[in-house]
Amino acid sequence: MTGDSSLFAPIAGSRPHAMEIEITNTKSEGAERRIQVAVAGVTVKDAKKAAARRVAKQVRMPGFRVGKAPTAMVEKKYAEAIQQEALEQVMRDAYQAVVEREQLKLVTQPHAHDVKFGDDESLSFELHCEVQPEITLARVEGFRVTRPATTVTSEMVKDQIEQLRDQRAVWTPVSEKPVEGDMVVVMLAMADETGALPEGKEYRVVLGAGQAIPAIEEVLMELVPGATVERGVRWPDDFPDEAQRGKSKTVRAEMKEVKRKQVPALDDAWAREMGDFDSLEALTNAVRSDLEAGAVREADAKVRGLLLDDIIGANDFAVPPSWVNGLVQSYGKAYQIPEAEHERFAGEFKATAERQVRRDLVIETLAAREGLAAIEADVDARVQEMAEKRGANPGQVYAQLQKAGRLQELERGITEDRVFAWLLAHNTVEQA
């Protein structure tokens with residue numbers, strides 16, 4: 001880079017005069033660059049003459065065959081088009097000259113700002129661009145992190161079993177008053193500001209699940225199917241809508257239906273329904289194994305995250321804002337954030353997105369520096385392994401992954417595993 005110095009030198013080309021260009025770095029902050037560019041008037045004039053000749057070969061003028069009209073006449077009639085074509089050509093040439101002279105490794109398309117013409121037809125503008133960050137990672141060893149415990153208790157297994165039973169539960173109609181845990185179908189109407197009760201709307205509410213305010217749940221638990229009641233209800237002081245806090249309204253509730261959840265019996269028959277399990281004990285053992293494997297994965301992910309946090313904290317480097325903004329937009333689409341919420345989401349998610357970019361850059365830099373990046377043979381071997389586990393043909397598995405666009409993801413996963421294996425060998429992990 002030329003720093004704060006200015007250069008004025010010709011750039012070789014096919015025009016009558018070589019491009020004369022002056023380059024001044026006005027700002028260099030992180031991955032962002034602002035470069036002042038000035039192109040001599042003689043270069044702009046040459047570009048206009050070349051543009052005029054190109055236009056003259058293409059247009060038809062009265063009394064002349066195509067391409068035979070005098071250049072002066074063409075320049076007069078098509079002055080605006082010639083000016084625009086010359087400007088675009090000069091800007092392209094100048095941009096290329098800046099990239100080559102300054103040896104810029106661009107990550108986004110540059111933008112020209114504050115474009116000006118001088119009295120001598122010279123052209124000046126400021127080029128805004130982002131460049132690839134220079135990452136050295138001076139310190140990646142000697143860190144000490146704590147690995148979380150991976151103990152799976154009997155209570156955790158029991159909770160997971162209960163969740164599986166709950167997923168297989170059925171809702172059976174009952175004719176009595178509902179109790180906590182029942183699902184009710186109710187027509188509810190709430191008085192407006194004038195005190196009038198509009199037509200009710202149907203709601204499905206699981207009592208005790210926080211889907212309705214406690215005062216309304218108390219009313220519902222007094223009704224058998226078919227019963228209707230009107231009663232004053234006070235909204236809680238911590239209600240999310242501040243305008244409704246502490247207000248009392250008349251509510252009309254008509255109970256349409258009460259359903260009670262019935263979970264399957266905790267026995268061998270239910271276990272067999274859940275899959276390839278001979279008994280409840282076999283299902284319980286499988287659940288414990290899954291929880292233990294999940295705990296190990298979570299602990300591994302925690303260790304990886306802690307190591308990356310330490311490395312990022314010890315090695316400062318610039319991150320192109322466009323990469324961060326691009327990741328924010330991608331997550332915004334994935335989460336289906338409404339357009340009206342984009343700005344708020346971007347503000348809240350920006351720090352997370354920047355950490356993700358830094359994380360990826362650390363992994364890529366280490367992979368390249370230590371020779372850990374996966375190659376095609378590694379991907380083929382992983383596909384072979386996957387095919388053997390599935391009892392499938394490797395070629396078919398490869399084709400499926402390729403069609404789904406997951407080969408690059410597979411390659412990246414292999415690289416990441418190697419990078420973290422290297423980090424674990426060069427840092428200390430203590431058990432909690």
Gyration tensor verdict on the range 255-368 (Cα atoms; rounded if a/c is under 1.5, prolate if a/b is larger than b/c, oblate otherwise):
oblate
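Given 0.36 nm per residue, what is the gain on full extension from residue 213 to residue 409 after removing their alpha carbon distance, in nm?
Stretched out fully, the residue 213 to residue 409 stretch lengthens by 66.0 nm.
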Whole number please: convex hull volume per residue of the Cα set in the range 145-185, in Å³?
134
Ordered by packing density, taken as the mean number of other Cβ atoms within 10 Å over each peptide's residues, highest first, how do 92-104, 137-149, 187-199 rank?
92-104, 137-149, 187-199
Local charge sum around residue 154 (other residues, Cβ-Cβ under 14 Å, Lys/Arg +1, Asp/Glu -1)?
-3
Normalise the Cα radius of gyration of the range 54-113 by 2.2 N^0.38 Å (N = residues in it) and let me know the number.
1.62
Just for the Cα atoms in the chain, what are the lengths along the principal axes, largest first, rounded to whole Å?
99, 69, 45
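Pull out a ≥ b ≥ c, the square roots of the eigenvalues of the alpha-carbon gyration tensor of the range 129-220, then state rounded if a/c is under 1.5, prolate if not and a/b is larger than b/c, and oblate in the remaining case.
oblate
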Using the Cβ atoms and a cut-off under 14 Å, what net charge is assigned to the surroundings of residue 247, where Lys and Arg are +1 and Asp and Glu are -1?
-3
Tell me, what is the FRET efficiency for residue 360 and residue 146 to the nearest 0.05, using R0 = 35 angstrom and their Cβ-Cβ distance as r?
0.90
Solvent-accessible ranking of 276, 360, 46, largest area first, probe 1.4 Å:
276, 360, 46
Determine the order of 257, 29 by accessible area, beginning with the largest, at a probe radius of 1.4 Å.
29, 257
By the gyration tensor of its Cα atoms, with a ≥ b ≥ c the square roots of the eigenvalues, what is the shape of the range 294-432: rounded for a/c under 1.5, prolate for a/b over b/c, or oblate?
oblate
Taking the alpha-carbon set of the range 49-152, what are its Rg and Dmax in Å?
26.4, 93
Can you figure out the FRET efficiency of residue 428 with residue 380, using R₀ = 35 Å and their beta-carbon distance, to the nearest 0.05?
0.50
Under 20 Å Cα to Cα from residue 333, which lysines show up? Leave out anything in the same chain fewer than 8 places away.
350
Rounded to the nearest 10 Å², the 1.4 Å probe accessible area of residue 155 is 110
Within a Gaussian network of the chain (alpha carbon springs, distance under 10 Å), most fluctuating of 173, 236, 320
236
Tell me the per residue accessible area of the chain using a 1.4 Å probe; a whole number in Å² is fine.
60
Computed helical MRE - 222 nm, the chain, DSSP H runs ≥ 4 contributing -39500 (n - 2.57), nearest 500:
-15000 deg cm²/dmol
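The values are calculated or read from the model by the stated rules, or taken from the named source; none is laboratory data. Since the structure is predicted, the reported quantities are computational estimates derived from the model, not experimental observations. In this analysis, Cβ positions are derived from the backbone assuming ideal geometry, glycine residues included, and neighbour counts consider all displayed protein chains. When the accessible area is computed, the model is the full protein with side chains, heavy atoms only, and any ligands, DNA or RNA have been set aside. Shrake-Rupley method; radii C 1.70, N 1.55, O 1.52, S 1.80 Å.
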